[in-house]
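The structure under discussion appears below in the form of structure tokens.
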Amino acid sequence: MTVREFSYMLLNGVSMGAMLGIVAMALVIIYRGSHVVNFAFPSLTMLAAFAVIVTADRLQVPFIVAVLIGVVIMAVGFGLLERVLIRRLVLRRAVMSASILTLGLDIAIRAELNQGIGSRHLTLDGPWGTRVLSVGDGSLPVSRVIGLVVAVVLMIGFRLWLKRSSFGIVMRAVADDQVAANEIGVRVSRIWTVSWVLAGALTVPAAVFLVAFPASGLDTATYWVALTAIPVMIIGGLQSLEGAVVAGVAVGVCMSVLGAYQDQLAFLGRGFDSLSPYVLMLLVLLVKPGGLISGAEVNRV
Amino acid sequence: MSRLRMSPVVGVVLLALLVGPVVLPEFLVSIGVFGFAAGIGAIGLCLLLGHAGQLSLGHAFFLAVGAYTYLVLVSDSAPGLPWGLGVPPVVGIAGAMAVASVFGAAFCLIAKRLGGISIGLASISLVLIGQHVLNAVPGLSGGASGRPVPPLRLGNLEVTSGNQLFVISGFQFNSVQRSWYLFAIVLLLVAWFAYNLVASRSGRAFQAVRDGSIQASTSGIDPLRVRVVAFAVSSALAGLSGALLALAFQYVVPEYWGLGLSLSMLAMLVIGGQTSIAGAVVGAMLVTGLPIVFRELNLAQGSGWLSLNSLPDILYGLGIVLIIYYQPDGLAGLARRLAGLLGRAGGRPRRAAALADS
């Protein structure tokens, strides 16, 4: 393998993995806040990409504006979801029911999206076009580089906000111990809404870079790409934001390496690189039952 | 549950099962056959989710394990053709249940620190790995184009397929009608087993874990053991269901055993009422029947945003959302309320069916 191929493989893996880490982060934020798993996230990720693509297309606005509009749409949408459908159930501590409800939503949204998209590939025309950076005698897609930068900024920014800002501290308090937080006067239900809104907002940049060049655009397969955030979340330890990111990068690199060596690994079956996150998840569970960074979730009973 | 046995509802149901194939049009009998087979799997999921509180989205995997174990055991192999061992069908069915059960227990042990919702997340991997294996091992699955299912023979009668007509006192029964009776008998046996399990100490241990594994452990119940047993039992039933589904289809393809199948099973449960065994079966009939009815009425046509093609899926999805929001007890809860209104025996005020929440 040449240096060019190796660097592409690594960067591709880290970049895609970081995006999956962001999607997983969104899941973790919701789960930490209210112990609900938002199973609708794969179809909502598709919806986020769709929103940006259609906005850029129909409204003829600059790309960054389309993304911002997408963020607003998804943030508001997630917030409404929480407020209208989820809150009542979480107040009754019916988190299983709430999670199953999101499953139902996912079924419906995915069915409609698959129906509408059909066999098309809806391309996202980012400002980076199809440009590639020349590195030595190799080339790396600009979109992947920018994606990685965005992911790092989001992760660091979010981490700082959680640690430093007063609102962030309140969110962590709720995640740690809802009852205690409630007793010192925190409006726990407001934190729930904020978790969902944040998750919705985070979904958009992740979706954008998951479908951008050199990926083939938004199509029915995007669902399965987004679904990979589930093993990422579990490998990362279900309640850990750092874990989600680390796991994402690990999974991304793993998929990238296996994809590059597909031919030599043909005996494992076609498409093993796409399956590898799930196999990796089972292996991690065997070795470290609580995930890589097991925190509050450790269920020793 | 003795009250249930003597209730007139049971009598009506048994009568319907008896005369169904004779009076109903063929496509409805067919829905019955598939519905009974799926209903067995739904009962398994009801025990796992409704009673033991473990979300499993991997049910399609255990259905597939059952189906393909049955296939491998019962088919006759030939050079160049898929694997087969040629054993009698009854052994095949037992094998299907046993192998599926082992997989279920093994998975639960691998994911031993997960439970409730989180094990549901992990179980998605089972379905995807299973389908990958099926597609990658043509000896097992016949490749993407699938493999035929050898018919179930009792004596020298081919029960689930074939053109022979079985004649009793002037009535002729074709293969679909014969399958109806066979599957209905199996379903009744499974339901009887499930009702007894729920009422037993094991059943109460399931419910204790569902309602709070920490609290359960303080009363001497080992939640991990309960989870393993719950997974083993529900996977065994799923294996049985998968084998019967394979017999009903007479031909299986890897594509069928996907996440969509798992989600359909979940829909059956939600529609029926998460803790209700009878509800699970009714849910199974509805979810199995809807696409078939759609096809009969020629509703699925066109493509694009407004076509009716994906309507069944959209309906299940929204159905789950609405039912969980407005009527979490599903149809069983509705039936209970109705019975209460009519002041009948089954209408005693009962503790509201506790959902798998903790």
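The values are calculated or read from the model by the stated rules, or taken from the named source; none is laboratory data. All of these numbers come straight from a predicted model, not from anything done at the bench. Positions of Cβ are generated from backbone atoms using ideal geometry, with glycine treated the same way; all protein chains shown enter the neighbour counts. The area values use the complete protein model at the heavy-atom level, side chains included, leaving out ligands, DNA and RNA. Shrake-Rupley method; radii C 1.70, N 1.55, O 1.52, S 1.80 Å.
Observations on the structure shown:
- As a ratio to 2.2 N^0.38 Å, the alpha-carbon radius of gyration for the protein assembly as shown is 0.98.
- Rg in Å to one decimal, and Dmax rounded to a whole Å, for the stretch A:230-299 via C-alpha atoms: 12.9, 41
- The spacing between the stretch B:11-41 and the stretch B:79-147, judged by their C-alpha centroids, is 28 Å.
- Amide H contacts under 5 Å for residue B:308, placed H, 5+ residues apart: B:301
- Distance-filtered residues of the stretch A:233-271 - backbone nitrogen under 15 Å, label point 7 angstrom along residue B:144 Cα→Cβ: A:269-271
- In this entry, chain A is assigned a mean projected area of 16.9 nm², taken as a quarter of its C-alpha convex hull surface.
- Between residue B:189 and residue B:172, residue separation times 0.36 nm minus the direct Cα-Cα distance comes to 3.6 nm.
- A simple spin-label model places the labels of residue B:211 and residue B:296 4.3 nm from each other, with each point 7 Å out along Cα-to-Cβ.
- Between the stretch B:305-328 and the stretch A:181-247, the alpha-carbon center distance in angstrom: 24
- Semi-axes of the equivalent ellipsoid for the stretch B:50-138, computed as √(5λ) from the eigenvalues of its C-alpha gyration tensor and ordered from largest down, come to 28, 15, 9 Å.
- Every helix of 4 or more DSSP H residues in chain B counts as -39500 (n - 2.57), and over all residues that averages to -21500 deg cm²/dmol at 222 nm.
- Once backbone amide H atoms are built at 1.01 Å from N, residue B:252 has B:147, B:149 as its partners under 5 Å, excluding neighbours fewer than 5 places away on the same chain.
- Hz values of 3J(HN,Hα) by residue in the stretch B:197-203 - Karplus curve (6.51, -1.76, 1.60), Gly and Pro given as x: 5, 4, 7, 8, 4, 4, x
- Using only alpha-carbon positions in the stretch A:8-161, the gyration tensor eigenvalues give semi-axes of 31, 20, 15 Å once each is multiplied by 5 and square-rooted (largest first).
- When the charge dipole of the stretch B:107-225 is built from unit charges on Cβ atoms (+1 for Lys and Arg, -1 for Asp and Glu) and taken about the Cα centre, the candidate among B:107, B:172, B:215 whose Cα reaches farthest toward its positive end is B:215.
- Evaluated at q = 0.15 Å⁻¹: base-10 log I(q)/I(0), Debye formula over Cα of the stretch A:87-128: -0.58
- Backbone geometry of the stretch B:174-188 corresponds, through the Karplus equation with coefficients 6.51, -1.76 and 1.60 at θ = phi - 60°, to 3J(HN,Hα) couplings of 8, 5, 5, 5, 5, 4, 3, 5, 4, 5, 5, 4, 4, 4, 4 Hz, x marking Gly and Pro.
- Span-like helix ranges in chain A, DSSP H, alpha carbon extent 30 angstrom or more, Kyte mean at least -0.5: A:3-34, A:95-117, A:142-164, A:188-211
- In plain terms, the bigger the Kirkwood radius, the slower the diffusion; for the stretch B:1-70, with that radius from Cα pairs, at 20 °C and 1.002 mPa s, Stokes-Einstein puts D at 147 µm²/s.
- Shown in residue order for the stretch B:253-259 are the 3J(HN,Hα) couplings computed by the Karplus curve 6.51 cos²θ - 1.76 cosθ + 1.60 at θ = phi - 60°: 10, x, 4, 5, 8, x, 4 Hz (x for Gly and Pro).
- Once the Cα gyration tensor of the stretch B:156-277 is diagonalised, semi-axes √(5λ) in Å: 37, 18, 12
- For the pair A and B, the buried accessible area comes to roughly 4600 Å² in total, with a 1.4 Å probe and the value rounded to the nearest 100.
- Under-5 Å amide H pairs with residue A:133, H placed in peptide plane, nonlocal only: A:140, A:142
- Computed with a 1.4 Å probe over protein heavy atoms only, the accessible surface of chain A comes to 42 Å² per residue.
- The mean sequence distance of close C-alpha pairs (under 8 Å, at least 6 residues apart), as a share of the length of the stretch A:1-121, puts its relative contact order at 33 percent.
- Averaged over residues, the count of other Cβ atoms within 10 Å places the peptides B:16-25, B:123-132, A:45-54, B:219-228 in the sequence A:45-54, B:123-132, B:219-228, B:16-25, highest first.
- Per residue accessible area of chain B, 1.4 Å probe, in Å²: 43
- Only Lys, Arg (+1) and Asp, Glu (-1) charged, at Cβ; the protein assembly as shown dipole about Cα centre in debye: 1900
- For the peptide B:108-117, the mean number of other protein chain Cβ atoms found within 10 angstrom of a residue's Cβ is 6.
- Net charge, residue B:137 excluded, C-beta distance under 14 Å - Lys, Arg +1, Asp, Glu -1: +2
- Legend: mean number of C-beta atoms from other chains within 10 angstrom of residue C-beta atoms, peptide A:111-117, equals 6.
- Each of residue B:305 and residue B:219 was given a label point 7 Å from its Cα along the Cα-to-Cβ line. The distance between the two points is 5.4 nm.
- Three principal axis extents of the stretch B:143-211 based on alpha-carbon atoms, in descending order, are 51, 43, 18 Å.
- If only the Cβ of Lys and Arg carry +1 and only the Cβ of Asp and Glu carry -1, the dipole of the stretch A:107-228 around its Cα centre is close to 260 debye.
- Note on chain B: Kirkwood radius taken over Cα pairs, Stokes-Einstein applied at 10 °C and 1.306 mPa s, translational D equal to 76 µm² s⁻¹.
- Taking Cβ atoms as reference points and 13 Å as the exclusive limit, the residues near residue A:52 contribute a net charge of -1, counting Lys and Arg as +1 and Asp and Glu as -1.
- In the stretch A:109-162, inverting the average of 1/r over every pair of distinct C-alpha atoms gives 14.3 Å as the Kirkwood radius.
- Counted by Cβ distance under 13 Å from residue A:155, the other residues give a net charge of +1, where Lys and Arg count +1 and Asp and Glu count -1.
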